[in-house]
Amino acid sequence: MGLLIKGGEIVTADSRHRSDLYVEDETITRIGESLSAPAGTEIIDATGKIVFPGFIDPHVHIHLPFMATFAKDTHATASRAALIGGTTCYIEMVCPSRNEDALEGYHIWKAKADGNSACDYAFHMGVTRYDAQTESQLREIVEDGTTSFKIFLSYKNFFGVNDEEMFSTLKLAAELGVITTAHCENAELVSQLQQLLLSAGKTGPEWHEPSRPVAIEAEGTNRFATFVEQTGATGYVVHLSCAPALRAAVEAKLRGVKLYIESVLPHFLLDRSYAERNGVEGMKHIMSPPLRDKRNLPVLWNALQAGLIDTVGTDHCPFDTKQKLLGANAFTQIPNGIPGIEDRVNLMYTYGVKRGVLDIHRFVDALSTRPAKLFGLFPRKGTIAVGSDADLVIYDPEYRGTISAATQYTNNDYNGFEGFAIQGRPSIVTVRGKVQVRDGVFVGEAGRGQLLRRKPNHFAGETTYAS
Ligand code: URP
Ligand code: ZN
Ligand code: ZN
């Protein structure tokens with residue numbers, strides 16, 4: 001059955017016009033004025049609404065064994081929360097630990113998702129050690145359509161790789177035309193500072209940020225950029241949190257390094273004072289890189305508006321209050337992470353677009369189009385065009401509400417953005433032509449989501465942004 005969306009204002013990364021949209025099966029087949037449709041077509045009146053391309057979250061954790069526990073989500077729970085908030089596709093980090101087999105890990109992560117997600121998804125393959133098997137395993141994984149890697153410069157002895165392993169990963173990535181994403185903090189310095197702080201009796205969550213200061217992130221960012229440059233690879237810095245790291249990444253961009261920058265929702269809206277709250281309230285806001293001094297926030301907003309920060313993800317990673325309390329006696333044991341998949345679009349729209357600090361097209365670009373282009377999903381995803389998947393968000397800019405754990409779909413007992421007002425939310429969300437959400441309620445098909453197999457798109461000389 002077809003779907004006709006009438007009278008909405010279609011907003012993409014580079015255009016804005018009032019038009020009707022016709023969807024046949026899973027695909028947008030017509031865009032134009034006063035479109036008609038055969039009997040039996042569902043007609044949605046989008047008057048007064050904005051029609052956005054489905055939003056893409058380029059950085060989420062769903063299955064994640066980490067810090068003596070597991071992140072709380074399943075694909076069933078995470079995908080519903082994503083869809084309620086207008087995210088129609090996410091890319092999950094496959095994160096086997098250093099002592100696990102990479103290929104086995106890849107199959108475990110795939111099996112967890114298979115048939116369980118209500119929205120489409122893809123993976124970044126975590127490379128957490130580089131040994132004699134790694135090259136052939138990674139070739140097989142890329143062949144299978146997972147065309148982005150993830151490395152951690154942090155988390156010593158767990159996910160972290162050393163410089164030699166980083167070099168080997170990037171060299172192979174360059175050959176395969178694969179983009180490598182990286183968590184950029186100096187693992188050794190973090191580990192040393194953690195021990196110094198703990199031995200001085202500094203055990204509370206307020207010491208998490210001082211254990212990984214901005215200089216440590218800037219060093220990691222600069223080192224990663226230098227390795228990307230020397231190997232001719234393409235790099236993507238994940239969850240960049242502060243001005244010094246931004247400067248390191250932008251300097252690399254300016255000297256021609258193929259380096260892209262992601263920041264994530266918490267770093268635009270929250271500062272370190274949230275993690276300095278007493279007891280578990282502070283622990284709820286522990287993530288890495290940590291929440292920073294509030295002087296960094298306007299710097300990130302400006303860089304996002306200017307396009308220096310390419311994308312906005314969430315680093316969605318839910319641990320509940322009980323799990324956070326694992327770190328009651330030492331901040332180093334607090335599971336790192338905060339959920340955000342449900343709230344990214346509404347919060348960035350409210351505090352970016354509505355506040356007048358983020359152009360609406362840049363908003364679409366950073367939250368949908370650029371992730372699609374960088375990660376090989378464009379133009380199937382990330383835009384509204386004839387032939388694209390009908391992943392659509394019919395957005396109500398007049399909606400007024402407040403973020404609260406009491407009303408969220410997110411599988412957690414708190415929300416790090418509790419009490420934040422929102423001005424706008426999706427009223428209809430479709431995944432490949434099927435309505436999955438109506439006015440804040442999931443009404444769709446639980447297992448609709450498909451694994452998106454991609455092709456490498458970062459060979460030397462290739463223009464990433466070509467449509
Ligand atoms: O604190 C965070 N970011 N937790 C998830 C793991 C990671 O570093 O991305
Ligand atoms: Zn990370
Ligand atoms: Zn992450």
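Brief remarks follow.
- The H on the amide N of Thr147, modeled in the peptide plane, is under 5 Å from the matching H of Arg454, each at least 5 residues off or on a different chain.
- Taking θ as phi - 60° and the Karplus parameters 6.51, -1.76 and 1.60, the scalar couplings of the range 21-34 work out to 9, 10, 10, 10, 6, 10, 10, 6, 10, 9, 9, x, 8, 6 Hz in sequence order, x denoting glycine and proline.
- Structure-based [θ]222 nm, the chain - -39500 (n - 2.57) summed over DSSP H runs of at least 4, per residue, nearest 500: -8000 deg cm²/dmol
- Helix axis angle, 102-113 relative to the chain longest principal axis, alpha carbon, degrees: 40
- Here the gap between Val443 and Arg247, fully extended at 0.36 nm per residue and compared with their Cα-Cα distance, gives a gain of 66.1 nm.
- Cβ crowding within 10 Å averaged over residues, with 132-144, 203-215 ranked highest first: 203-215, 132-144
- Per-peptide packing, taken as the mean over residues of other Cβ atoms within 10 Å, places 260-267, 166-173 in the sequence 260-267, 166-173 from highest down.
- Global geometry of the chain, whether rounded, prolate or oblate, following the gyration tensor of its Cα atoms and the 1.5 cut on a/c: prolate
- Simple Cβ-charge dipole of the chain, Lys/Arg +1 and Asp/Glu -1, about Cα centre, in debye nearest 20: 680
- Each DSSP beta bridge with both residues in the range 1-130 is either parallel or antiparallel, and the antiparallel ones are about 45%.
- Under 5 Å, built H, 5+ apart or other chain: amide partners of Ile91: Asp57, His59, Val60, Ala122
- Between Glu100 and Thr41, the distance separating the two model label sites (each 7 Å from Cα on the Cα→Cβ line) works out to 4.7 nm.
- The range 324-383: C-alpha gyration tensor shape, a/c 1.5 cut-off, then a/b vs b/c: oblate
- Within the range 294-351, the trypsin sites (Lys or Arg not before Pro) that combine a DSSP coil assignment with at most 15 other C-beta atoms in a 10 angstrom radius are Lys294, Arg295.
- Axis angle, to the nearest 10 degrees, between helix 187-199 and the longest C-alpha principal axis of the chain: 60 degrees.
- Taking the longest Cα principal axis of the chain as reference, the axis of helix 75-84 is set at about 60 degrees.
- Multiplying the residue separation of Asn157 and Ala111 by 0.36 nm and subtracting their alpha-carbon distance yields 14.0 nm.
- FRET efficiency, Lys294 to Glu140 (Cβ-Cβ, R0 35 Å, nearest 0.05): 0.15
- Cα gyration tensor shape for the range 311-455, rounded if a/c is under 1.5, else prolate or oblate: prolate
- Beta-bridge orientation, the chain: approximately 45 percent antiparallel, per DSSP, counting only bridges with both partners inside.
Rule-based calculations on the coordinates, nothing more; no lab input. This one's a predicted model, so the numbers in the text were calculated from it and none came from an experiment. In this analysis, Cβ positions are derived from the backbone assuming ideal geometry, glycine residues included, and neighbour counts consider all displayed protein chains.
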